[in-house]
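Below you'll find the structure, written out as C-alpha cells, and then a few comments.
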Amino acid sequence: MGRGGPALRPLGDRYIIEKIIQLQAAAAGSNRASAPEARERGDYARAVITELLQMREEWRHANCPGN
C-alpha cells in the first residue's frame, strides 16, 4: 500500500468531485452567455467533466476494493 494508505483514498475521490462541480457551474454559466466563445468554453468544460468522471471511475476501481 502507498504512503498514507486507506486514509487518503477519500481525498482523491473528493477532489475529483469538487472539480466536476466547479466545471458544471462554469458550463451552466457559459450556456447562459450569448457569445460564441462562451459557448465553446462551456462545451470544453463538459468534455473535461466527462474525462473527470471516467478518471474517477478508474481511480475508484483501482483504489477502492468492492466498488
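Laboratory data are not the source of any read-out in this text; all were calculated from the coordinates shown. All values derive from a computational prediction rather than experimental measurement. With ideal geometry, Cβ positions are generated from the backbone for all residues, glycine too; neighbour counts draw on all protein chains shown.
Once the Cβ-Cβ distance of Ser34 and Gln54 is raised to the sixth power relative to R0 = 25 Å, the FRET efficiency obtained is 0.20.
In the calculated pair-distance distribution of segment 25-67, the portion above 13 angstrom amounts to 58 percent of the Cα-Cα pairs.
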